[in-house]
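Asker: Before I ask anything, here is the structure I am working with.
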Amino acid sequence: MNQKLKKVGQITAIAAISSMFIFAASKTIGRISPTVPYPTEMNFSREIVPTRDNDVSERLDREMVTNINYHSNTTLVIKRANKVFPIIEPILKKNGVPDDFKYLAVIESSLVNAVSPAGARGVWQFMPATAKEYGMEVTDHVDERYHLEKSTEAACSYLNDAYKRFGNWTLVAASYNGGMAGINRVLEAQQVSSYYDALFYEETGRYVFRILALKEIMKNAPKYGFDIPKNELYVNVPTKKLTVDASIDDLASFALAQGTNYKTLKVLNPWLRDKKISVAAGKTYIIEVPE
């Protein structure tokens, strides 16, 4: 009799524990955020997105859902944008490139000096050959793909070249991923003239929609659950610029002489890729140090 009661007690305890886990799982599922409606009318660089097209609508929805729920990365790019956009925006404006292209930098690198498996580097993700073609120095000591101002200038040059070819900013954006020649081949083969009418490979086919999604989410962050206090956004530290016209054999010693340290020097000047810098005759570099 006691053994039967003991067995019944064990079953009751197991059932109680099971129901507790089911309840916990239910609560987790119940906490999933509801969908958030977004505008049915969108544009990229003032070019209308045909969202009434069923395929276009679904592809845009995929990127909206993905990035709304990619909480860690979306939170970080919003924080970084407060630091990076003030540098990018005036350069885009000066070069006649629409402001929306700052969101292209977001999807390229999440606004950090990323390194791709193929060897593209920096916020704008230039390959070595393309970087050199657009006037950037790429050596063992200096890699200007990591220089935000210079790489943004180079990106503007590429984008303006692409606009001369396509006359359409949406295709220009797509060409940053698929290449000018690649985009042109697809348009000619399929006998269409719009990005939204063409069938591209997966990455290029998603590319502009990712830009559109990040633009919408970042411009209206609180609406999509990213209500980040201003004091939590990243900021640039005040710096002073030093003109260097001679080689520096030890950047750590140079940094200490400027009242800072090697780590801070490299953070402020990520284009310095070695522990020293060789400066050719007649050449100068601008190095930033804390003010």
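Asker: Mind checking which helices (runs of 4 or more DSSP H) fall wholly inside segment 41-129 and carry at least 2 residues that are surrounded by fewer than 19 Cβ atoms within 10 Å (Cβ to Cβ) and touching a residue at least 40 places away in the same chain (Cβ under 8 Å)?
Answerer: In segment 41-129, 54-69, 71-94 are the helices (runs of 4 or more DSSP H) which contain 2 or more residues that are surrounded by fewer than 19 Cβ atoms within 10 Å (Cβ to Cβ) and touching a residue at least 40 places away in the same chain (Cβ under 8 Å).
Asker: Determine which single condition ALA173 fails, assuming it passes every other condition in (1) touching a His at 6+ places or on another chain (Cβ under 9 Å); (2) under 17 Å from ARG46 (Cβ atoms).
Answerer: The failed condition is (1).
Asker: Listed residues LEU199, LEU214; which is closer than 22 Å to LEU92 by Cα and modelled with pLDDT of 95 or more?
Answerer: It is LEU214.
Asker: Also: Tell me which residues, restricted to segment 211-226, are aromatic (Phe, Trp, Tyr) and outside any helix (DSSP H, G or I).
Answerer: Residue satisfying the conditions is PHE226 alone.
Asker: Something else now. Can you tell me which residues in segment 149-158 are surrounded by fewer than 22 Cβ atoms within 10 Å (Cβ to Cβ) and out of contact with any Leu (no Cβ under 8 Å at 6 or more places or on another chain)?
Answerer: GLU149, LYS150, GLU153, SER157, TYR158
Asker: Hey, any hits in segment 231-241 for a residue that's of a type in the set (Ser, Thr, Tyr), surrounded by 11 or more Cβ atoms within 10 Å (Cβ to Cβ) and closer than 25 Å to PHE44 by Cβ?
Answerer: No, there is no match, as no residue in segment 231-241 is of a type in the set (Ser, Thr, Tyr), surrounded by 11 or more Cβ atoms within 10 Å (Cβ to Cβ) and closer than 25 Å to PHE44 by Cβ.
The values are calculated or read from the model by the stated rules, or taken from the named source; none is laboratory data. Keep in mind it's a predicted model, so treat the numbers as computed, not measured. Positions of Cβ are backbone-derived with ideal geometry, glycine not excepted, and every protein chain shown enters the neighbour counts.
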